[in-house]
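S.K.: Can you read through this structure? Questions will come right after.
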Amino acid sequence: GGRGGRGRAPPPPAPLKPGQELKISDNHFKAADRTKLTSLEKTVRSVRIILNKMTREKFDRLSAQLVAVRMESSEMLNAVIGLVFDKALDEPNFGDMYADLCVQLQANSRCWSFVKGIFNEGTGQWYWTADVPAEEEAAGPCGSLEEALALAAAEEYELRECPEHLEVVALRIRDRNFVKVMRTPDPPEGPLASAPPAFWCTARSEAAARERHHVSPEAFASEAEALRHAARKTAFKRFLLNKCQEEFEKEDIYEELANQIKNFDWNSLKSEEEKIAKKADFEEKRMITKKRMLGNIRFIGELYKKDMLKENIMHECLLSLLKIRQDEAAGKKGKLVIPDDEDLEALGKLMATIGKKIDNPKAQEQMRLYFDKLAKLGKEPKLSSKNRFMIKDLFDLRKDNWVPRREEAQAKTIKEIRKEAMKDMGPAKLKPGGGR
């Protein structure tokens, strides 16, 4: 086989003539030098490989691998969340699986290793930070934490190149200086296992440190209290919600594409075929943008079903998509605000995803509000026939207790697929000659 090889083996290379050197082209394949990759780049690569292999069948094993990835900075955490988020939006039918993955990641994110307490020696108060990395140059090495803190207080010290993989172990604010102490990691089992750790330190002005790093504006009475506050502020769920909200609140999802079309020099294309191809390219980008928006809506719904997002956030989404607040403003004039086609399509996806859970006894007033608006929109002559059918389907779906007539594809294990196939075939079809 091979790709396009039609089963034939490639001809052997011609032997070199005496004295002839093997020439290597400038664009020959070069393997990525992994030793030169940063820790962030290595993590992004590893997570991307895990996500590309993710299926329901392999979910337990691969989700455990992803949970085990050590988050060394808030930048790294954001990058990983971005990868999971993009994957969920690209594969909306597997949104429930990626929502389960987010549940696993949230459950294992009590407090990240990159979150550190900062002790102010002058006031006795504690702060926290989530983005203070180890330094490449520092004073040291020292034999203990106390020795490193004493060295940082010296008027002068010599900076040296630090060893790799230092871990930040202490942060202090002292005499308006920001002191950082790092230590070498514990050596692996072996002849060096008994080697004591080495400590390194730096000191810079508190003002410069606050400008360079995020330091909590709030002060706390103890380190434990500061870290509890940090855990809430840096929770996986919080970062994920910010990502969903940022995507949802885009005023015009086609704005960037519209600008590209507007600014494109159509005169640069010489033939009609080129113009047709370019228009098709722009249309493909429009479909990808729309798919991403609808994928985000469905993913938000799946996260809510897993209790990753609160019900009030869902109501905010529904109010926004239906333009109900704009109705209240225009109510005095008796005008009905009609959402655009994309918002109505998104509403249909979201309501179909979360309807069974959100249509509960406590939410009946809100549900009446939504369906009153939908009933009015269904009679609106300006509405497209596609959206009128969507509204009718939502009323039917609610009437049927949110059980769809045709279940949408979701990530399933091979065992689940086989079981459903056997069920669909029925006993008669399993007998010899039981077909048509």
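The values are calculated or read from the model by the stated rules, or taken from the named source; none is laboratory data. Values in this document were obtained by computation on a predicted structure and should not be read as measured data. Because the Cβ atoms are built from the backbone with ideal geometry, glycine has one as well, and the counts that use them run over all protein chains shown.
S.K.: Would you point out the residue of the stretch 229-252, among those that are in a helix (DSSP H, G or I) and acidic (Asp, Glu), that is nearest to THR129 (Cα to Cα)? If you could, list the steps in order and put the result at the bottom.
M.R.: Narrowing the stretch 229-252 to residues in a helix (DSSP H, G or I): 229-233, 236-248.
Narrowing further to those that are acidic (Asp, Glu): 246-247.
Numbers: GLU246: 24, GLU247: 27 Å.
Per the criteria, the residue is GLU246.
S.K.: Hey, among GLU311, GLU302, GLU342, GLU274, which residue is assigned by TED's automatic domain parsing to the domain that holds SER384, free of Cβ contacts under 8 Å to residues at least 12 places away in the same chain and of a type in the set (Asp, Glu)?
M.R.: So the residue among GLU311, GLU302, GLU342, GLU274 that is assigned by TED's automatic domain parsing to the domain that holds SER384, free of Cβ contacts under 8 Å to residues at least 12 places away in the same chain and of a type in the set (Asp, Glu) is GLU274.
S.K.: Which numbered condition trips up ARG6, out of (1) basic (Lys, Arg); (2) modelled with pLDDT of 95 or more; (3) in a loop (DSSP other than H, G, I, E, B)?
M.R.: (2)
S.K.: In the list ARG70, ARG56, which residue meets the criterion of being of a type in the set (D, E, K, R), surrounded by 14 or more Cβ atoms within 10 Å (Cβ to Cβ) and not in a helix (DSSP H, G or I)? Before the answer, list the steps.
M.R.: Working: ARG70 fails: surrounded by 14 or more Cβ atoms within 10 Å (Cβ to Cβ).
Checking each option against the conditions leaves just ARG56.
S.K.: Condition test on TYR304, is it over 22 Å from ASP96 (Cβ atoms) and crowded, with 17+ Cβ neighbours inside 10 Å?
M.R.: Taking the combined requirement at face value, the residue does not satisfy it.
S.K.: In the stretch 86-142, which strands (runs of 3 or more DSSP E) lie fully inside it and hold 1 or more residues that are modelled with pLDDT of 95 or more, outside the structural domain of GLU164 (by TED's automatic domain parsing) and surrounded by fewer than 18 Cβ atoms within 10 Å (Cβ to Cβ)?
M.R.: 116-120, 125-129
S.K.: Would you please name the residue that is nearest to SER74 (Cα to Cα), looking only at residues in the stretch 240-280 that are acidic (Asp, Glu) and surrounded by 10 or more Cβ atoms within 10 Å (Cβ to Cβ)?
M.R.: Among those that are acidic (Asp, Glu) and surrounded by 10 or more Cβ atoms within 10 Å (Cβ to Cβ), it is GLU246.
S.K.: Without any contact (Cβ under 8 Å) to a residue 40 or more places away in the chain, buried (at least 17 other Cβ atoms within 10 Å of the Cβ), in contact with a helix residue (DSSP H, G or I) (Cβ under 8 Å, 6 or more places away or on another chain) and closer than 30 Å to GLU206 by Cβ: does that describe MET76?
M.R.: Against the criterion (without any contact (Cβ under 8 Å) to a residue 40 or more places away in the chain, buried (at least 17 other Cβ atoms within 10 Å of the Cβ), in contact with a helix residue (DSSP H, G or I) (Cβ under 8 Å, 6 or more places away or on another chain) and closer than 30 Å to GLU206 by Cβ), MET76 qualifies.
S.K.: Considering only residues that are farther than 19 Å from GLY143 by Cβ and exposed (fewer than 15 other Cβ atoms within 10 Å of the Cβ), which ones fall in the stretch 193-218? Full working, then the answer.
M.R.: Keep residues of the stretch 193-218 that are farther than 19 Å from GLY143 by Cβ, which gives 204-218.
ARG204, SER205, ALA207, ALA208, GLU211, ARG212, HIS214, PRO217, GLU218 - these are the residues of the stretch 193-218 that are farther than 19 Å from GLY143 by Cβ and exposed (fewer than 15 other Cβ atoms within 10 Å of the Cβ).
S.K.: Being among the aromatic types (Phe, Trp, Tyr), within 26 Å of LEU344 (Cβ to Cβ) and in the same structural domain as SER320 (by TED's automatic domain parsing) is the requirement here; does PHE282 meet it?
M.R.: Criteria met by PHE282.
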